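Report on the following structure.
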Amino acid sequence: MKLIYAALFALSAVFSARGAFPLLHMKPVVLQQFHSPTCIVSAPDGSGRVFLCDQPGRIFIIENGMMRPVPFLDISNTAANPAHQKVIPVNTGYSERGLLSLAFHPGYANPASPGFRRFYLNYNKNYQAGIDPPQHDGGSWTVNCTTVIAEFQVSAGDRNVADPLSERRLLMYPQPQSNHNGGNLVFDASGLLYIGSGDGGSADDNNVGHSGGAGTNPRPTGALGNGQDKTVYLGKILRIDPLGTNGPGGQYGIPASNPFVSSGGSVKQEIYAFGIRNPWGLSFDEGPGGTGRLFCADVGQGRIEEVNLIVNGGNYGWRYMEGTERPSFSSTMTHPGGTLIDPIAQYGHPGISGTTLPLLGLSITGGYVYRGSAIPALQGKYVFGDYGATAGSASGRLMGLEETSPGSGVFTLNEAIPILGGNPLSTRVMCLGRDASGELYIGTKSSGGVLALENGLPNGGLYKLVPVPVNPAPIVLTAVKDSSIFSESTSELGNGQGPLFTGASATGDVRRAMLQFDFTSLSAGSRFSSAVLQVHVNASETGAASQRNTLLQRVLAEWGEGPSTSLTGGVSAQNGDATWLNRIFSTSAPLPWSNEGGDYASTISAGFGLFAQSGFRAFFGPQVISDVHTWLATPAVNFGWILNTSDVPSASTTKTLASREDADTAKRPQLVLVPATPYEKWLAQLFPTHLTGQWVDPDLDGDGIATQLEYAFGYSPLVYDATNGVVPVFTVPSGGSSTLTTAFRRDSAATDLTYRLEISADLTTWTPIAQSLSGAAATGQNGGSVTGESVVSGTIRQVNVTCTLSGGDGVKQFVRLAVDRAP
């Protein structure tokens, strides 16, 4: 009888209760290791890997919750090999150009498919006159950049490295301006590639390079625009067969079912739908229960953001329509004819008037219909977001659509889906993504500039939407002290018992709010995977200036919360108050700040665009978590945070926030702490300087035991172990049967693991004979018996299992230990 030991490690799901848009947790996956995420996808190869496009031109692989340090592909302007440099340079400023999307061919993992090992990118490159296609209208305008739709192949010998020299360019078209490049790529099940193309940039689809437009003011009011001009690629959803040859130049095919293949003339036969402004979020509703419909988020001009269902030949109205409104800049434009398809959902920009739409954000970020299994109550709902509710500040939002009845095409908008700690968010929502299991991810960025750093590190973030953990559950702390300070020099002002104030008054006087939390109730050694400060905006001054960024920073000295009270601002300070000049005011012996206006760290913990709209705001990020861990380790330096408007003394930026004394207890400042999993704690102890999701080599010590299995067996990945955690032993066969005696190690403190000892005769069907769930003692199954557990050391146990195997020594039998880790 032959037995083979195999050790497998996989991620398993956690299930939540049903309900309309359940409370969700944005679990940090990778932080501070990439700049600006534009696309998050999975390869259809069963590996479970997630691929992330970074706008400068790199694609990273996230595997088992960690980001591989070597890019899957680097075609950035700074790639080590000049021959690999393809993507247009980006800098610390805002840009919509770069590496925008990645799509794997459905046959990527199938050697029999012509799409084997092939994937496709949408990126912008520097324009090369005489090489790249010329201006689409024959004009003499200056091309800003070229959009490239290209095919690449993964290396034959390494699934984690692509070949940058394998590029085959399928389609290129010039961009008249730098913005509105669209960029999304998605495949349907038949292998046809859909391309989201923006209208070419500028504004109103009415500049040079836009049909009928001009670069001088006033611009032509009746211009057709690229969105309605079917002779250009811009402002469209395109559809091609990347492996076909009947397209221009023979580099791709044009499906016979495309709506304009028989139109003749110069109409682009690649067009699938038109009347699009700037599609940022193109996705099929696919997976178990999926409808196959194509969702598209289209970024608006000055008033409306919209979500559309894309159909073959559909006209979505731009530039004649923005959402369901007729914009003033197209008031003399002739109706393009035919039916214009209305969006299934729309919302307005903060500050606009003359609409009943909710005013939620400035730039829509498209998402996905959820078809995963970990969050049953989210099933069938479309989750999407907004880049940021205010220009120049971090204030993203996650929203959702729920169809009133299946197939009706009528959707209800959820303006802010429930997120643990609050929604909107103190970060920009750059993109959403989906893994092979249908679970959703959020790509974020704190700063507006592509290469801009925050606290010296890249500020891109990858989060996974997961159910709120229940064991252990999040810890919610309410502020134990809060106060406001005021810069008016005529007198010492305080407000220890009233609402909190931050920003600047109409006369430019500055307000800052401070708040502190007590961690003494937490057990020693507590560690958290995320920390979210939730505050409630009660009121805010109106106007553009009220939308300035509000920063969260650590206070560096003790301060007082005195008895002064005012509902409208500062009043004469009383003993114990914090003031602009004194951290603890006293008529006899005041304790001054070292710096007027408070002593606080230059390091930014988080930032937020607290715009003129009431509601909860969530400050979070890696520095917020770091602050909490610092205070847990050294309670003596816990002086809390200060809320400080970044660009004071700009006038009329004051926000009024609920304080800990607010009559509505739900509005009081709260800190939501999500305990780290045992595995996360283990990693933090071994690699205390690592960033969230930083790569750990699968076998650091070279002993052949994967790092994640070292955790399961109670080993150290830094120390060579001569034996693995499973020891199969057999008795001599007798009478056509034999007894398997096996021992395996487990950690009773690893409550995020499930251990399953399994046997198989064919390596296909596996039968568990012993199992340990969430740290509990192992039990026998299907004829297996646990004969005992012995303590190895601390929480490490050795489980002894026996099982009688039939078939004698003429039949092969296999045994493996499968270890699943809950996210």
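The values are calculated or read from the model by the stated rules, or taken from the named source; none is laboratory data. Quick caveat, the model's predicted, so the values are computed rather than measured. Glycine gets a Cβ as well: all are built from the backbone with ideal geometry, and neighbour counts include every protein chain shown. Ligands, DNA and RNA are excluded from the accessible area calculation, which covers all protein heavy atoms including side chains. Shrake-Rupley method; radii C 1.70, N 1.55, O 1.52, S 1.80 Å.
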Is it true that Asp697 is open to solvent by 60 Å² or more (accessible area, probe 1.4 Å) and of a type in the set (Asp, Glu)?
yes
With the checklist (1) open to solvent by less than 50 Å² (accessible area, probe 1.4 Å); (2) over 30 Å from Ser530 (Cα atoms); (3) touching a residue at least 24 places away in the same chain (Cβ under 8 Å) in hand, flag the one item Asp703 doesn't pass.
(3)
Which members of segment 773-815 meet the condition of being touching a Gly at 6+ places or on another chain (Cβ under 6 Å), open to solvent by less than 40 Å² (accessible area, probe 1.4 Å), over 28 Å from Val674 (Cα atoms) and aliphatic (A, V, I, L, M)?
Val801
Name the residues in segment 226-251 that are in contact with a Gly (Cβ under 7 Å, 6 or more places away or on another chain) and either among the polar types (S, T, N, Q) or crowded, with 22+ Cβ neighbours inside 10 Å (or both), would you?
Asn226, Gly227, Gln228, Leu234, Gly235, Ile237, Ile240, Thr245, Asn246
Quick check on this structure: which one of Ala818, Ala750, Ala770 is assigned to a loop (DSSP other than H, G, I, E, B) and either surrounded by fewer than 21 Cβ atoms within 10 Å (Cβ to Cβ) or at pLDDT 95 or above (or both)?
Ala750
Would you please name the residue that is farthest from Gly508 (Cα to Cα), looking only at residues in segment 633-657 that are within 29 Å of the chain's Cα centre (by Cα) and crowded, with 19+ Cβ neighbours inside 10 Å?
Gly640
Which numbered condition Pro472 misses (of (1) over 27 Å from the mean Cα position of the chain (by Cα); (2) open to solvent by 10 Å² or more (accessible area, probe 1.4 Å))
(1)
Is it the case that Gly407 is in a loop (DSSP other than H, G, I, E, B) and touching an Asp or Glu at 6+ places or on another chain (Cβ under 8 Å)?
no
Among the strands (runs of 3 or more DSSP E) lying completely within segment 482-578, list those that include at least 2 residues that are out of contact with any Asp or Glu (no Cβ under 9 Å at 6 or more places or on another chain) and surrounded by 20 or more Cβ atoms within 10 Å (Cβ to Cβ).
500-504, 510-516, 528-540, 549-554
So, of the residues in segment 73-84 that are open to solvent by 50 Å² or more (accessible area, probe 1.4 Å) and touching a residue at least 40 places away in the same chain (Cβ under 8 Å), which turns out to be nearest to Val696 (Cα to Cα)?
Asn81
Residue in segment 365-413 that is nearest to Pro823 (Cα to Cα), counting only those that are in contact (Cβ under 8 Å) with a residue 40 or more places away in the chain and of a type in the set (Val, Ile, Thr)
Ile375
Can Val70 be described as in a loop (DSSP other than H, G, I, E, B), open to solvent by 10 Å² or more (accessible area, probe 1.4 Å) and among the β-branched types (Val, Ile, Thr)?
yes
Please identify the pairs in which a residue from segment 145-169 that is closer than 25 Å to Leu238 by Cβ has its Cβ atom under 6 Å from the Cβ atom of a residue that is in a loop (DSSP other than H, G, I, E, B) and open to solvent by 30 Å² or more (accessible area, probe 1.4 Å), counting only partners at least 6 apart or on another chain.
Cys145/Arg97; Cys145/Tyr127; Thr146/Tyr127; Gln153/Arg117; Val154/Arg117
Cβ pairs under 6 Å, 6+ apart, first in segment 681-695 and under 12 Å from Pro717 (Cα atoms), second open to solvent by less than 70 Å² (accessible area, probe 1.4 Å):
Trp682/Tyr711
Just the residues that are at pLDDT 95 or above, assigned to a loop (DSSP other than H, G, I, E, B) and buried (at least 21 other Cβ atoms within 10 Å of the Cβ), please, taken from segment 116-136.
Arg117
Being part of a strand (DSSP E or B) and more than 8 Å from the chain's Cα centre (by Cα) is the filter here; which residues of segment 431-454 pass it?
Arg434, Leu440, Lys445, Leu453, Glu454
Examine segment 399-416 for a residue that is open to solvent by less than 10 Å² (accessible area, probe 1.4 Å) and more than 19 Å from Arg293 (Cβ to Cβ), and state whether such a residue exists.
no
Out of Thr92, Thr78, which single residue is hydroxyl-bearing (Ser, Thr, Tyr) and either closer than 18 Å to Asn160 by Cα or more than 21 Å from the chain's Cα centre (by Cα) (or both)?
Thr78
Within segment 274-285, residues buried (at least 22 other Cβ atoms within 10 Å of the Cβ) and either basic (Lys, Arg) or assigned to a loop (DSSP other than H, G, I, E, B) (or both) come out as Gly275, Ile276, Arg277, Asn278
Considering only segment 166-184, I want to know if a residue exists there that is at positive phi and either touching an Asp or Glu at 6+ places or on another chain (Cβ under 8 Å) or open to solvent by 10 Å² or more (accessible area, probe 1.4 Å) (or both).
yes
I'd like to know if segment 595-614 contains one or more residues that are under 18 Å from Gly498 (Cα atoms) and under 38 Å from the mean Cα position of the chain (by Cα).
yes
Looking only at residues in segment 142-165 that are assigned to a loop (DSSP other than H, G, I, E, B) and under 26 Å from Ser95 (Cβ atoms), which one is least open to solvent (accessible area, probe 1.4 Å)?
Val143
